[in-house]
Amino acid sequence: MNMTDQSRRVLLVAVPEGLPKESDFLIEDMVVPECPLDGLLVKTRYLSVDPYLRGRIAGKKTYVDPIPLGNVMESGCVGEVVASRNGDYRVGEIVAGLWGWQDYVGVEVGKVQRVDPAEAPVSTALGILGMPGMTAYFGFTELCSPKSGETVVVSGAAGAVGSAVGQIAKILGCHVIGVAGTAEKVAYLKSLGFDGALNYRTDKPYGERLAALCPNGIDCYFDNVGGEMTDTVLGLMNSRGRVSVCGQIASYNDRSEDVGPRPFTDILVKQLRVEGFIVSRWGERFPEGRKQMAAWFKAGLLKYEETVYKGLESAPRAFIGLFAGENTGKALVEL
C-alpha cells in the first residue's frame, strides 16, 4: 500500500446541546497512517454506534473520559489487517478493537482481538458476540439472577442489548415481555420468542397493558430506557424483584421533563434490588461470556438483527438515529 493514499476520519467539533446534530461532527481527509513498529495497519470494515457515546461527547467525565473537541470519534470497530510489523499477525486477518471512526488505523497488537470469520459473521464481534452481548449476558444473569418461571421485562428490547437479554431469559426458562417503539419491532420481538411485547408509543396507559402481559407481576426488569416506562414497571414489581439498570436513553439528550415519581417507596416496601452497572466490571470474564454466547448462537438459540449504514460519512447520522429508535438490533456502519 502507498502510504500517501488518502483516508478519512470523523472528528467531534462541537459539544451537542440536546440531541446531537450532524454539524457537531466533521469528516476530514488524511494520509493513511504508517504501520506502527511491532503493530498493525488495519482497514476498518465495520464501526459501532452505541448510545453510551452520548456521554462521551458531553464535554465532561462520566465513567470514561470525554472525547475532546477536535479529536476523532471512537468506538468498537472490526477491520482487516493490511500491513503487519508483528510476527503473530498476518495480512488478511480480521481483528476487533476500540479505535477511531476512520478508514485506516495503526494499532498496537495488545489492543486488538482476533476475530474468526468461520465462527460467525465478523460484524457479530460488535454485537451479539461483542460488547452488547457481554452487556446482556453479565448485566442480566449477574444482577437479575433469573429463575425459571419468573417474569422478565426488558425495555429498549429491540436493540442489540435488549434483544439479547430477552433471548437469554427465554433460554433460562423465563416469561419474557419486551418494550419497543414500533409495530414492526413488536413483531420482531415475537419472532425472537418473546412471550409478549408492548409498543410504548401506542399501548397506553403502560400500567394496564403491562399488567395484562404480566399477570403474575414482574420479577426482573432490565432497564435500557429509564423515564416513564421505568416508573411504571417499578409499580408492578413483585416483592424481592431485581432491577438491572443498563441505560437511561430517555434522558440522555433532554432531562427537562425527567420529573417522574420518586421510586424509593417501591424499592423499600417491595424490598427491590436495584443496581446499575458498566459492563467493564466483568472484563476479565469476557472469554467466559463469549464462549457461552457463541455456544448458544451455534445451537440456534440466539438470533440477531443488524441495521447497517453504508460509508464512513453516514456514521454521524447512524449515531443520531439511535435516539429516534431507527435501529432494530445492532446499529453498524459498514465502510
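The values are calculated or read from the model by the stated rules, or taken from the named source; none is laboratory data. Quantities reported herein were computed from a predicted structural model and do not represent experimental measurements. A quick note on method: Cβ atoms are made from the backbone with ideal geometry, for glycine too, and the neighbour counts reach across all protein chains shown. For accessibility, only protein heavy atoms count, side chains too; no ligands or nucleic acids. Shrake-Rupley method; radii C 1.70, N 1.55, O 1.52, S 1.80 Å.
Restricting to segment 285-316, and then to whatever is basic (Lys, Arg) and either under 16 Å from ALA120 (Cα atoms) or outside any strand (DSSP E or B) (or both), can you tell me which residue is most open to solvent (accessible area, probe 1.4 Å)?
Our first condition is that a residue be basic (Lys, Arg); within segment 285-316, this holds for 285, 290-291, 298, 303, 310.
This time we only want the ones that are either under 16 Å from ALA120 (Cα atoms) or outside any strand (DSSP E or B) (or both), so: 285, 290-291, 298, 303.
Working: ARG285: 80, ARG290: 80, LYS291: 157, LYS298: 138, LYS303: 109 Å².
Residue satisfying both the conditions and the ranking: LYS291.
A quick yes/no check of all residues on (1) part of a strand (DSSP E or B); (2) aromatic (Phe, Trp, Tyr); (3) in contact with a helix residue (DSSP H, G or I) (Cβ under 6 Å, 6 or more places away or on another chain):
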residue	(1), (2), (3)
PRO215	no, no, no
PHE222	yes, yes, yes
GLU228	no, no, no
THR232	no, no, yes
GLY241	yes, no, no
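What's the number of the only condition in (1) closer than 23 Å to PHE319 by Cβ; (2) part of a helix (DSSP H, G or I); (3) open to solvent by 70 Å² or more (accessible area, probe 1.4 Å) that GLU142 fails to meet?
For GLU142, the failing item is (1).
So VAL259 clears everything in (1) part of a helix (DSSP H, G or I); (2) among the β-branched types (Val, Ile, Thr); (3) surrounded by fewer than 16 Cβ atoms within 10 Å (Cβ to Cβ) except one condition, right? Which one?
Single failed check for VAL259: (1).
Determine, yes or no, whether ASP88 is more than 22 Å from ARG8 (Cα to Cα), over 23 Å from the mean Cα position of the chain (by Cα) and open to solvent by 10 Å² or more (accessible area, probe 1.4 Å).
yes
Kindly indicate whether VAL95 is open to solvent by less than 70 Å² (accessible area, probe 1.4 Å), hydrophobic (A, V, I, L, M, F, W, C) and in contact with a Ser or Thr (Cβ under 7 Å, 6 or more places away or on another chain).
no
Return the total of residues in segment 162-189 being open to solvent by 10 Å² or more (accessible area, probe 1.4 Å), in a helix (DSSP H, G or I) and touching a strand residue (DSSP E or B) at 6+ places or on another chain (Cβ under 7 Å).
3
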